[in-house]
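The values are calculated or read from the model by the stated rules, or taken from the named source; none is laboratory data. Please read all numbers here as calculations on a predicted model, not as lab measurements. Positions of Cβ are backbone-derived with ideal geometry, glycine not excepted, and every protein chain shown enters the neighbour counts.
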Amino acid sequence: MSENLTAARGRSTLSLHKLGVFCGLTAAVWLGTAEAPTKLVNAGLLDAAFAPFILSMGMVMGAFVARWTVPTLLKGTGFIFSDLRDKPHLIVWALLAGMLWAVANTLTIFAVRNVGLAIAFPLWNTNSLVGLFWGWLLFKELRGSGVKGWSKVLGGAFAIVGGAAVLAYATASQSNAPGKALVGIVAALGAGVLLGTMYIPYRKAYISGMNPLSFVTIFTFGELGTVSILTAIKVGGVANLTAQLHLARPMLFWPFLGGFCWVIGDLFQNFAAKYIGIGRGIPLSNTNQLWGLAWGALVFAEFSGLSTSAKALILTGSLVMIAGAVSISMADPGASELVNWKQARDRECERYGLDAAKVAAVVAGDDPLAEHPPVRHWWEAVVMIVAVGIFVWLGLGTVSQHLSLSMPWMIVLIIGTILPLGLCGTLLWRRTRFS
């Protein structure tokens, strides 16, 4: 019925599963690309003890700007405020998700410092398995999918985690910090649990009919507030934090840009979680390591000195991750599983007094507000101008980095990043009007 209504309104009839898969893979591209700007940072400008926290703070500041400007550009503030007024109970869940991400991101810093990337990355990358478990337990994902569906999703998720472990082992250069291995392992596992648990608010919001653009707008307040508090505590107070940010001014543009790119990827990740669930969408977006690897290897020549065996491991890990992504993309939920999804949605509608018919339309990509969008306001233009102004201001004060990089490969990867954005953005617009 939903697809007939969509066709009647002149929209694409692309299945929501395929749309979700495209969103998950596009998310991976942009989340991986977000790592590239941070490689241009001159760490010598910062106190070594505080550098990871200041870089994280810079990325979150860029994310904060992006989480306001992108939703405003696509849907307008009137739409966002109307959506939030309809579902005010979800505001606290969006804030909670941002806080969980902030704590998890801080734990990853300690994990990499103490045990190195080769051990830490695959441990926190288990977040996709944690998310899959919560999706099954709380939102009835995969229930009724049968052995074939389970094997595709579980096999794909484990393949992605395993491939990530191989890639991390082959490419990591960090050395272990003696006597701190246990702390690093616990931090990495804790990050994985928190990141996986963060997806509970995601799924709860989307089966209740909230728009991903509204969710991420609120998410950023929990994210920025928590990161600011944690960073201020680490560096010894707000005054020291301000001083460190001032010291980082010549290179702050790069983590800021990385945070902006990260939000683009996170938005697609949210749409993937909405349309194919967290059990399928999150493992797909976790293939972002492949795109980050491409930037490191092709643009920055980070792996030119690797041995033949290490290069073979990289190829093997990449192929395993790709196979896992293909497996999940083919795991289209069957009729029995969709019935269970509907039961989870009806439970949320009954609990919070939501209009079940309206929520069902939103979940199917037919948001009634999209047909008659609220009027745009003059201050939205101001938001855009301020965002552009911040980028220009940071860019003008950036000190050039004397790094060796491959400009042809950089152009290729930039094009390869923009093309999925245009393609998937068009598909989202034609099928759901970004609903």
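Note on segment 73-88: residues that are part of a helix (DSSP H, G or I) and surrounded by 15 or more Cβ atoms within 10 Å (Cβ to Cβ) amount to 9. Gly98: surrounded by 21 or more Cβ atoms within 10 Å (Cβ to Cβ), modelled with pLDDT of 90 or more, in contact with a Gly (Cβ under 9 Å, 6 or more places away or on another chain) and part of a helix (DSSP H, G or I), yes or no? Here the answer is yes, as Gly98 does meet what is asked.
Entry remark, segment 323-336: residues being touching a Ser or Thr at 6+ places or on another chain (Cβ under 9 Å) and either of a type in the set (A, V, I, L, M, F, W, C) or at pLDDT 90 or above (or both) number 7 in total. Given the conditions (1) in a helix (DSSP H, G or I); (2) surrounded by fewer than 19 Cβ atoms within 10 Å (Cβ to Cβ); (3) at pLDDT below 90, and given that Trp150 satisfies all but one, which numbered condition is not satisfied? Result: Trp150 fails condition (3) only. Those helices (runs of 4 or more DSSP H) of segment 344-435 in which at least 1 residues are touching a helix residue (DSSP H, G or I) at 6+ places or on another chain (Cβ under 8 Å) and closer than 30 Å to Leu14 by Cα, considering only elements entirely within it, cover 356-363, 368-371, 407-432. Selection over segment 112-148 of residues that are over 19 Å from the mean Cα position of the chain (by Cα) and farther than 28 Å from Gln343 by Cα gives a count of 8. Restrict the check to segment 125-142 and report whether at least one residue is β-branched (Val, Ile, Thr), part of a loop (DSSP other than H, G, I, E, B) and either modelled with pLDDT of 80 or more or under 28 Å from Ser309 (Cα atoms) (or both). There is at least one residue in segment 125-142 that is β-branched (Val, Ile, Thr), part of a loop (DSSP other than H, G, I, E, B) and either modelled with pLDDT of 80 or more or under 28 Å from Ser309 (Cα atoms) (or both). Any residue in segment 344-352 that is out of contact with any Pro (no Cβ under 6 Å at 6 or more places or on another chain), hydrophobic (A, V, I, L, M, F, W, C) and at pLDDT below 90? For segment 344-352, residues out of contact with any Pro (no Cβ under 6 Å at 6 or more places or on another chain), hydrophobic (A, V, I, L, M, F, W, C) and at pLDDT below 90: absent.
Name the one entry in Gly209, Gly258, Gly222, Gly265 that is surrounded by 21 or more Cβ atoms within 10 Å (Cβ to Cβ) and either among the hydroxyl-bearing types (Ser, Thr, Tyr) or in contact with a Pro (Cβ under 8 Å, 6 or more places away or on another chain) (or both). Matching residue, one of Gly209, Gly258, Gly222, Gly265: Gly258. Among the conditions (1) surrounded by fewer than 18 Cβ atoms within 10 Å (Cβ to Cβ); (2) over 25 Å from Ala36 (Cα atoms); (3) touching a helix residue (DSSP H, G or I) at 6+ places or on another chain (Cβ under 9 Å), the only one that Val339 does not satisfy is (3). Of all the residues in segment 414-435, those that are closer than 18 Å to Val299 by Cβ and over 19 Å from the mean Cα position of the chain (by Cα) number 1. Among the residues examined, Ala164 does not qualify as in a helix (DSSP H, G or I), closer than 27 Å to Glu350 by Cβ and either touching a residue at least 24 places away in the same chain (Cβ under 8 Å) or among the acidic types (Asp, Glu) (or both).
In the set Thr398, Thr426, Thr417, which member is within 17 Å of Leu25 (Cβ to Cβ), among the β-branched types (Val, Ile, Thr) and surrounded by 13 or more Cβ atoms within 10 Å (Cβ to Cβ)? Just one listed residue meets the conditions, Thr417.
Within segment 302-315, is even one residue assigned to a helix (DSSP H, G or I), buried (at least 19 other Cβ atoms within 10 Å of the Cβ) and not hydrophobic (A, V, I, L, M, F, W, C)? No, the conditions are met nowhere in segment 302-315. Taken over segment 128-147, the criterion of being surrounded by 19 or more Cβ atoms within 10 Å (Cβ to Cβ) and among the β-branched types (Val, Ile, Thr) is satisfied by Val130 alone. Scanning segment 296-322 for residues that are at pLDDT 90 or above and under 21 Å from the mean Cα position of the chain (by Cα) gives Ser318, Met321, Ile322.
Only one of the listed residues (Ala273, Ala294) is surrounded by 24 or more Cβ atoms within 10 Å (Cβ to Cβ), of a type outside the set (Phe, Trp, Tyr) and touching a residue at least 60 places away in the same chain (Cβ under 8 Å). That residue is Ala273. Hey, any hits in segment 167-180 for a residue that's of a type outside the set (A, V, I, L, M), crowded, with 22+ Cβ neighbours inside 10 Å and under 20 Å from the mean Cα position of the chain (by Cα)? No, segment 167-180 contains no residue that is of a type outside the set (A, V, I, L, M), crowded, with 22+ Cβ neighbours inside 10 Å and under 20 Å from the mean Cα position of the chain (by Cα). Among the residues of segment 79-118, just one is free of Cβ contacts under 8 Å to residues at least 40 places away in the same chain and aliphatic (A, V, I, L, M), namely Val92.
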